1. Cα atoms only: what Rg and Dmax, in Å, come out for region 10-139?
2. Check residue 8: other-chain or 5+ apart residues with amide H under 5 Å from its amide H, H built from backbone geometry?
3. Report the extension gain between residue 9 and residue 53 in nm, rounded to one decimal, defined as 0.36 nm multiplied by the number of residues separating them, less their alpha carbon distance.
4. Give me the number: length gained by fully extending residue 83 to residue 20, i.e. 0.36 nm times residue separation minus the C-alpha to C-alpha distance, one decimal in nm.
5. Set the Förster distance to 22 Å, then compute FRET efficiency between residue 28 and residue 75 from the Cβ-Cβ distance, nearest 0.05.
Amino acid sequence: MSDKRQYQRVKLNIPGILSHGHTNIGVMIEDVSIQGLRVSAEEEALATLPFDSHQPYRIAFLTDDKAPLIEAWVEQLYRHTDRRKTAVAVGCKVDHIDVESLAALRQLILLNSGDPSMSQYDIDTLTNAIYGKASNASQS
């Protein structure tokens with residue numbers, strides 16, 4: 001079976017916080033693509049969040065103590081449990097993100113792509129797609 005995805009994932013593996021209302025849980029931001037973010041968290045922690053909510057969840061993370069906070073609002077797309085792992089993978093679509101966070105995310109993608117063939121055009125396409133999907137979602 002071939003992989004039909006036509007987008008590149010950039011691995012991050014950065015700790016962050018996923019929030020809904022007054023509930024905050026620790027997550028690991030595994031990667032980012034034009035489809036959104038993939039995070040992982042423990043099942044017990046995920047169970048504290050209301051996954052039947054129609055309101056976006058806030059995700060926030062720092063790449064280091066000198067970098068700006070990256071903050072976005074996301075919607076859950078899927079959950080994947082692998083019995084070999086204790087964490088559950090959660091695919092998230094970016095609902096909206098402000099320009100400052102997008103600029104910081106763009107820099108993070110550039111630094112973490114690890115792909116010398118990834119051109120400026122590829123990075124622009126990736127960040128424009130994330131912002132475009134988020135802008136369109138927030139206008140709905």
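1. Looking at region 10-139, its Cα Rg and Dmax stand at 14.3, 42 Å.
2. 34
3. Values: separation 44, 0.36 × 44 = 15.84 nm, distance 2.71 nm.
So the extension gain works out to 13.1 nm.
4. Working: separation 63, 0.36 × 63 = 22.68 nm, distance 2.64 nm.
Separation in residues times 0.36 nm, less the Cα-Cα distance, equals 20.0 nm.
5. Working: r = 19 Å, r/R0 = 0.85.
Once the sixth-power term is evaluated, E becomes 0.70.
A short reminder: the numbers here are calculations on the coordinates, not readings from a lab. Values in this document were obtained by computation on a predicted structure and should not be read as measured data. Don't worry about glycine lacking a Cβ; one is built from the backbone with ideal geometry, like all the others, and counts go over all protein chains shown.
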